[in-house]
Amino acid sequence: MSNEEQLVETHVVEYESRLKHIDELIARAGKTQNQKPQHKAELSELKQERDKLADHLEEIKQLSLEEWAKEGGPMVLWDIVARRLEQLVEHLE
């Protein structure tokens, strides 16, 4: 395995780890009682964003090394979704 292939694999593992963190935050937010309608709406929206990220991760896994280099990474989107979820969980708990 080349250094470039290892780098791609490292990114995929990182994305999987972040997706797991997002799933944990969604579970925490879903367990809270007496959510206001705006919180339910935001959680629903964030679940949809999570699904898009998971779909994108599956697409990334199928990319060749050259395609990966062209595609880049969606880390900013992952960070935004995770940050919004963390803020929602903090507010709800």
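The values are calculated or read from the model by the stated rules, or taken from the named source; none is laboratory data. Predicted model, so just to flag it, every value in this text is computed and none were measured. Only protein heavy atoms, including side chains, enter the accessible area calculation; ligands, DNA and RNA are left aside. Shrake-Rupley method; radii C 1.70, N 1.55, O 1.52, S 1.80 Å.
A 1.4 Å probe run over the protein chains yields, for segment 12-71, 68 Å² of accessible area per residue, whole-number rounding. For the set His91, His56, solvent exposure ranked by accessible area (probe 1.4 Å, protein chains only) runs largest to smallest as His91, His56. Taking all protein chains together, Val8, Val89 sort by accessible area into Val8, Val89, largest first [probe 1.4 Å].
Of the whole protein surface, Lys47 contributes about 90 Å² of accessible area at a 1.4 Å probe radius. In this structure Ser44 has an accessible area near 60 Å², from a 1.4 Å probe over the protein heavy atoms.
Computed from backbone phi, the HN-Hα couplings of segment 86-91 come to 4, 5, 5, 4, 4, 5 Hz, rounded to whole numbers (Karplus: 6.51 cos²θ - 1.76 cosθ + 1.60, θ = phi - 60°; Gly and Pro given as x).
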